[in-house]
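All remarks here apply to the structure that follows.
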Amino acid sequence: MGDHNLKRVLQRPPVGVVRTAVLIAAARANEQRHLRRLFDDPLAAGLVEAAGSANDLIGVRTLAGEHFVLRTRYFDDQLLSSAQNSARPQVVIMAAGLDTRAFRLQWPPGTTLFELDLPELLEFKEDALDDLGAQPGCERVVVACDLREDWATALIRAGFDPNRPTAWLLEGLFMFLPPDAGERIMYWVSALSALGSTLALEHVNRAFRELPQMRAVHERFDTLDARWRADVEDPIGWLGGYGWHAAVTHQVDLAARHDRAVPAITDPRKVGDARIWLASAIRTA
Ligand code: SAM
């Protein structure tokens, strides 16, 4: 058996909660086939293939795929705008999953980008990216850690500089964590953020978690040990308590901005007050 084949056998496809990362990558791979796509992610399809497809999660993707696409573009724009306004951009992507922003976005020179996720996800991802011959467009540092534990020490050991303003991204994470773990993350993100740092995040409210349309998703996620555990009713107030000045963008406005249909799962005419929050914030205190 050649080295390459041996590596493929040793490379373990993601299972459990890390498998949710394959679901999001599959939505981005799908967008890559769109004539007027909202972003370019040429690596997504290869990552999904290396993971052995995401067909087992097709129901979730049908429900939320358009939301994943819009949110990807929203966070791309937030991160690039923060990086462009910084002399030495430092970006931290929490629970990065199969995010390929380090490779596919045009980062200003001198950008350092950290990706944090569970060790099993990053082992798989690094092998798969290597096989795909991917080259980052910035200094990319991966930090294997459990975000319910002391990730801040691991990040600092990996070269993160708390005196440098940071652009943080927390996409598709908070709902999977116990509420106290989410609060600890916000505490440390805030403690490590110099003035002028920015933060972009996704969360959901209780009404969204309890939508009848979401029942099948929760059942599917339960089988992956990826149960949703948290929600927030007032993201602006929540972030304000940690010293961030935040704003929320509604998917209705985002869809109009990009000339797309409002994803049904975020359309107030179909889901009422249920919300997937897309928030961005700047550190003011
Ligand atoms: N942010 C990525 C994206 O949008 O493509 C991935 C989102 S995916 C829904 C959730 C990610 O959270 C997975 O990559 C999973 O491994 C990661 N994750 C879940 N629990 C975690 C934990 N305790 N520590 C670190 N990462 C975790």
Next on the checklist: Please pick out the residue among 134, 154 that is at pLDDT 95 or above, among the aliphatic types (A, V, I, L, M) and touching a Cys at 6+ places or on another chain (Cβ under 7 Å).
Outcome noted: 154
Checklist outcome for this item: When every residue in region 92-147 that is aromatic (Phe, Trp, Tyr) and part of a helix (DSSP H, G or I) is compared, the one farthest from the chain's Cα centre (by Cα) is 124
Checklist entry - Restricting the search to region 226-285, which residues are closer than 13 Å to residue 201 by Cβ, surrounded by fewer than 20 Cβ atoms within 10 Å (Cβ to Cβ) and polar (S, T, N, Q)? => result 249
Item to check | Residue list for region 35-60, restricted to those being part of a helix (DSSP H, G or I) and within 20 Å of residue 258 (Cα to Cα) | outcome: none
Checklist entry - Hey, any hits in region 152-167 for a residue that's under 21 Å from residue 69 (Cβ atoms) and more than 15 Å from the ligand (Cβ to nearest atom)? => result no
Checklist entry - In the set 181, 200, which member is under 19 Å from the mean Cα position of the chain (by Cα), more than 23 Å from residue 73 (Cα to Cα) and within 12 Å of the ligand (Cβ to nearest atom)? => result 181
Next on the checklist: Of the residues 206, 227, only one is more than 16 Å from the ligand (Cβ to nearest atom) and of a type in the set (Lys, Arg); which?
Outcome noted: 206
Checklist entry - Does any residue in region 142-166 that is of a type in the set (Asp, Glu) come within less than 7 Å, Cβ to Cβ, of a residue that is in a loop (DSSP other than H, G, I, E, B) six or more places away or on a different chain, and which pairs are these? => result 146/118
Next on the checklist: Let me spell it out: the conditions are (1) crowded, with 18+ Cβ neighbours inside 10 Å; (2) over 18 Å from residue 99 (Cβ atoms); (3) within 16 Å of the ligand (Cβ to nearest atom), and residue 218 meets all of them except one. Which number is the exception?
Outcome noted: (1)
Checklist outcome for this item: Of the candidates 12, 61, the one satisfying the condition of being among the basic types (Lys, Arg) and either under 18 Å from the mean Cα position of the chain (by Cα) or at pLDDT 95 or above (or both) is 61
Item to check | Scan of region 102-141 for residues that are free of Cβ contacts under 8 Å to residues at least 60 places away in the same chain and within 12 Å of the ligand (Cβ to nearest atom), ordered by number | outcome: 115, 116, 119, 122
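The values are calculated or read from the model by the stated rules, or taken from the named source; none is laboratory data. Since the structure is predicted, the reported quantities are computational estimates derived from the model, not experimental observations. Positions of Cβ are generated from backbone atoms using ideal geometry, with glycine treated the same way; all protein chains shown enter the neighbour counts.
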